[in-house]
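For reference, the structure discussed in these notes is given below.
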Amino acid sequence: MLTALTLIFVSTLGAVLLDSPNAGAVSTSTPPVLIYGNIMPIQQSYPDLKVTDDGRTYVVWTQRSGANDNVMFSYSTNNGTSFSPPKVLNTNISGNQARPRIDVTDAGIILVTWIDSSNDGGDVYLTRSVDGGETFEPEYLVHPDTTGTQFNPDITAKGDTVAIVWEEEVHDNSIRIWNANNGVLDRTLDGHTAATLCLEFSPDGSTLASGGEDSLVRIWNPNTGALVQNLTDHANYVTSLNWSYDGSMLASGSYDQNVTIWNVPGYTVMNRLNQVNGVPTQNSVNALAFSPNSSQIAVGYLGKLNPMQPQGPPSDMFNLTVWNLSDYSNWTVNEDTVGHNNEIKDVSFSHNGTLLASCSKDRTLKVWNVTTGALLRDINLNTEAYSLSWSANDTLISTALANGTVAVVNITTSAVQYWLKSHTSRVNTVSWSEVRDEIASGASELNAKVWELAGKTARLNLSGHQNSVYTVDWSSDGNHVATGGGNSGQYGMGEKQVFCLYSTDAGLTFTNPAAVSDNNLALKSQPRVDMDAAYNVHVVWYISGSGVGIFYSNSSDGVTFNEDVGISAGSEWVTPDVAVEDSGAAHVVWQQKNGVTNIHYANSTDGFSNDVQLTTDGQLPRVAVSDSGSVLWAGWRPTAGSTYPFHANVSVDHGQTFGDPTTLTTERISASAISVDSYGQTSFVWINWNRTEIYHSSTVLQDNWRPTVIGNFPAHNAVDVSVFTNILVNFSEPMDQASVEGGFSVNNATHSLDQNDCSSITWNGYGDKVNFSFETPLDYNGFYSVTIASSATDLSGNSLASNYVFTFTTSADVDPPVIEHIQPALIWGYDQPYDVEVTIIDWWGTVTAADLHYKGVSDSNFIKQALTNIGGGLYTASIPAQGSLGNVSYYFTASDNENNNGRLPLAANQYFNYTVVDSVGPVITHIPEDIGPVQEPIGISAVVVDQVQLVSVSLYYLGVGESNFTHVNMTTDTSFDPNGYSCTIPAQMEIGNLRYNITATDGSNNSANTSLYTVAIVDQLRPDINSVIPEYLANETEVLVRANITDNVAVDEVTLYFKAVGGDHWVERNMANVGGDIFEFTIPAQRRSGTIFYYVNATDTSGNLASTLTEQDQFQVEVIGTGPNNTLYYALAIVLIALVVVLVYLMVTKFGGKAGKSEQKPDTPEESESGPKGEEPKEQERVDEDEGQ
């Protein structure tokens, strides 16, 4: 007999909560831990907590100080034994920061969301902490584009996936015009500031009229969306509109008890119908319609349900009145005659004008004789009817019903001919197209529909509205459908929607908000959310006010939610909570508040069909479950008496059964929260009744039951088991791993295996599953027995009741050889063989064949090549060098002596692949240029070779004085080599250094580059002496020599060399630049007449020399001397010289002998100092020549 469970109420996590077949008595001990409190008048409220598997506990709550609410946070790192000082998370300290909710990602990122109502009714904010709660990031508005007040947020996290839900008052008062052919939204008309209740196209389709709860009639151009005019006659909701058939009048009905008839196109008031037989109607208008000939107008009234008017006829009658517009006489039916006994929702004339149909919340459709007012048909629809529309042939009437259907009624038989079923909530409006024979309908969900009547199916689903759709109408040509709606006061909806944001990056970014519910029934309140291991989002909420029940929906992506599931329908079901196992099983608790305070529970494993009542005395239910679902807590606060402690039920079988309610706190509480970690450890926080203190406690269930084996693989008595199988064992709870491994054995007829024969033993994180993998395969055709000894214990020391044994038989040798291969490379050179190495093992047989199959770049079929065994199970082969670029595929096969064939890769259409590439770059051979002439282009040539494909050869040069390289394509030039390339560098206009290099790229994007070469740009050209022209000056005594000299760079110096008349020495003089290219020098006047010889040298700035002597010996010019005529002097000189010579001769002859005998006398002083006589005139002549005198 299994013993009962005992709950030990402690403040530490000393043990692990385990699975048990039942839950017994629960007791408590050890005082809880005070997190914060005993400070008046500060009040605490709305606690929430999250516990993690590493013993950390995070708590948030609302704290009121004065007029403001703040979000508080505290944490524990020691299993709840003590907590950090509380800190305020919100940076905005004004207004109300309230209702915080918390969760933690698997990576430990803390996420806290709350409502900030400082600016408006409420917005959802989020903050994160990535350091365990030491610091928090600034909070931010998770969805800035809000249309209404947000409230009651909740958050869940799993992995890095986060979902936030909240309730929001939505006010989508827009009108939408749709393409009726394809359902595409053509345009949206925004203008009504409250719900749009009615709209209608004019007969010619050029105008659209709409009426709303803002008391306005708006006139639109439907083709452009432009607002044409606002009609402001009404003082209350405009509930109905209708154009006369000729379009000359527009009628509007309102809760201000008036029917206003407008003249078109001026839209002036023609009349107001607000009296019956002279008595004010004092009755709000719900519906109206013109007759086809525009002579009558029918009006349906709200009746008794108008809370604004006193009771008493005729104001409180559910009147149907038909007015004759010629004299405004009328006939009226109501509940006192044969009329409706509840408010009339719609009226409409048949197309032939003889019949009038009306529908009502009294669940009937009535057809009247227009002339007499006689009731012709009284059809019971068994549910409230909100709208009607005639078929074109007046034989059928479509009606919009509260049960979510459209009933098409045959007025001849008074029976429903067929139903249109697809809406999930009340249908508010229908319109029958006279052109398409299709019906449009709108409902209290986020869409309208267009029905194809032949198949009775919804052809179009017009989704986009965020509130109920209250009105639809077809354009006259049948090409468009207009829809309108909003958050209506007339319909008493007070609509709230539940929205969800979804993040996959731990709350850094979110999707756009998604509507969780597929209908707009009343006020959706208090959504709660949780997430399973597959990141599916599970949401519950309740419908407040109308008491419809608890609803549930889920989503795999947080964007598209499945159809709502009603968990319970009944009166005043409120405050649900949800907890989800990793498996996806959702556990829901809620409270019944109709005079009693029952707490109920259901889960999704049976579609929430099993509604379990946990207590008849409880409120504020809470639920939490461990990841595995092994521990489930449902708690609540009792209402009886005055103590209000915290009670809970625990289930250890996934909610199938619960133990008796247990008191977890003896103190009176005002609010609480509960969390269970993946080991089943359960933590509670609660706030005392005075709201001054917040406490924490945790629980541990004492384990005193034996573990069991609840599953194994291979299955017991399994046959044809692979010899490579692992052994898997699944226990009922986490186990002591050493005791299990020590008690593990596998036996057959020849040998035994134990933990020492395993290559690995792995456990799951929870510790209840173990996987044994063996070093070597088992025998073929072997019968094996697996034993887990009874010495195996759980974490509390409870052992198995007996040895657990299961058997299996392995298969015959049907296992092919095992092939293992690590691919050497994914990219390989085209000129290299590809060597492969593979290991092939057949454990109990012999490898008889081993082959490599490859398909080269140019091969159309695979080529088979036998592998070479180089020892043991190691084989090698080589795929030849491909010589071209492309892809190579290969695979291996092997066979054993049992004809078992193996392949690697395993699938027949899979291969190992590598890409053959050219990994060798081009080779560039180039003799660099050292010197280049200025102002002349420079030719560059190179020999470039690539073994596969040369794509481009380029030259990049940096010109003299330039800062950026210039690119030049080198082109093929075979004049000097078959692989030659050349290009020309443009002439450089300055002297300096030019730099260049050559680069080449092949088809595999390999590149080669030369060094960066330097070319000295120099001037190698001599100046050009274009002309040398002499010019006589001063009566031909002076000579002006003029030279025209140019140079490609610059002339530095021009020199004139001349010999004076009769001189033999060149005189050097610089010629002066007198402008442009002209240089001049004037040779001075000569004393003597005669010939002057001259030539010109020119040097540029680079030292290049040009001379006229290279062209001729010299120039010459005849000049006239400026001294006397010297001819006579020359003649006398010659005579004198002749006489002197004769005299000398005579003296030598006479005295020669004596002189030879006499002693030689020394030179006279005159001779030694002045040289031989007769030289002095010549020296004087030279000086004269040099000076040009």
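Rule-based calculations on the coordinates, nothing more; no lab input. Note that this is a predicted model, so its numbers are computed, not measured. Positions of Cβ are generated from backbone atoms using ideal geometry, with glycine treated the same way; all protein chains shown enter the neighbour counts.
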Given points 7 Å out from each Cα along the Cα-Cβ axis, report the E1031 to D611 separation in nanometres with one decimal.
13.0 nm
Could you give the length gained on full extension between N68 and Q229, defined as 0.36 nm per residue of separation minus the Cα-Cα distance, in nm?
53.4 nm
If you project the alpha carbons of the chain onto the principal axes, what extent comes out on each, in Å, largest first?
194, 110, 77
Report relative contact order for the range 171-251 in percent, whole number only (criteria: Cα-Cα under 8 Å, sequence separation at least 6).
23 percent
Using only Cα atoms, find the angle between the long axis of helix 1127-1157 and the longest principal axis of the chain, and express it within 0 to 90 degrees, rounded to the nearest 10.
60 degrees
Which loop-located chymotrypsin sites (Phe, Trp or Tyr not before Pro) does the range 938-1014 contain, where loop means any DSSP state but H, G, I, E or B and the Cβ has at most 12 other Cβ atoms within 10 Å?
F976
Mean ellipticity per residue at 222 nm, deg cm²/dmol - from DSSP H runs of n ≥ 4 across the chain, formula -39500 (n - 2.57):
-1500 deg cm²/dmol
Can you give the FRET efficiency for K421 and N512, using 1/(1 + (r/R0)^6), R0 = 30 Å, r = Cβ-Cβ distance, to the nearest 0.05?
0.45
Would you mind working out the magnitude of the charge dipole of the chain relative to its Cα centre, with +1 at each Lys and Arg C-beta and -1 at each Asp and Glu C-beta, to the nearest 20 Debye?
4140 debye
Label T807 and Q755 with points 7 Å out from Cα along Cα→Cβ: what is the distance between them in nm?
2.7 nm
What is the spin-label model distance, in nm, from H1065 to Y267 if the labels are put 7 Å beyond Cα along the C-beta direction?
12.1 nm
If packing is taken as the average number of other Cβ atoms within 10 Å across a peptide's residues, how do 746-758, 940-952 rank, most packed first?
940-952, 746-758
Give the separation of the Cα centroids, the range 822-859 to the range 157-186, in Å.
57 Å
Sequence of V299, V625, V729, V1144 once ranked by neighbouring C-beta atoms within 10 Å, starting from the fewest:
V1144, V729, V299, V625
Protection proxy ranking, peptides 165-172, 841-848, 440-447, 735-742, average beta carbon neighbours within 10 Å, highest first:
440-447, 165-172, 735-742, 841-848
Charge sum, other residues only, whose C-beta stays under 15 Å from G886's C-beta, Lys/Arg counted +1 and Asp/Glu -1:
-2
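What does the extension gain come out to for D477 and V943, with contour length at 0.36 nm per residue minus their alpha carbon separation?
159.9 nm
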Non-local amide H neighbours of V409 (under 5 Å, H modeled in plane, Pro and chain starts lacking H): which ones?
I397, S398, T399, Q417
Relative contact order, percent, the chain [alpha-carbon distance under 8 Å, six or more residues apart]:
6 percent
Among L1033, L800, which comes first, then next, by fewest other beta-carbon atoms within 10 Å?
L1033, L800
Only counting other Cβ atoms within 10 Å, I'd like H967, H465, H926, H647 sorted with the fewest neighbours first.
H967, H926, H647, H465
Once both axes come from the Cα atoms, what is the angle between helix 1176-1187 and the longest principal axis of the chain, in degrees from 0 to 90, rounded to 10?
30 degrees
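By how many nm would the segment from A1016 to T876 lengthen if fully extended, with 0.36 nm per residue of separation less the alpha-carbon distance?
44.5 nm
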Mind scanning K456/K524; K449/K496; K421/K593 and naming the pairs with a C-alpha gap bigger than 27 Å?
K456/K524; K421/K593
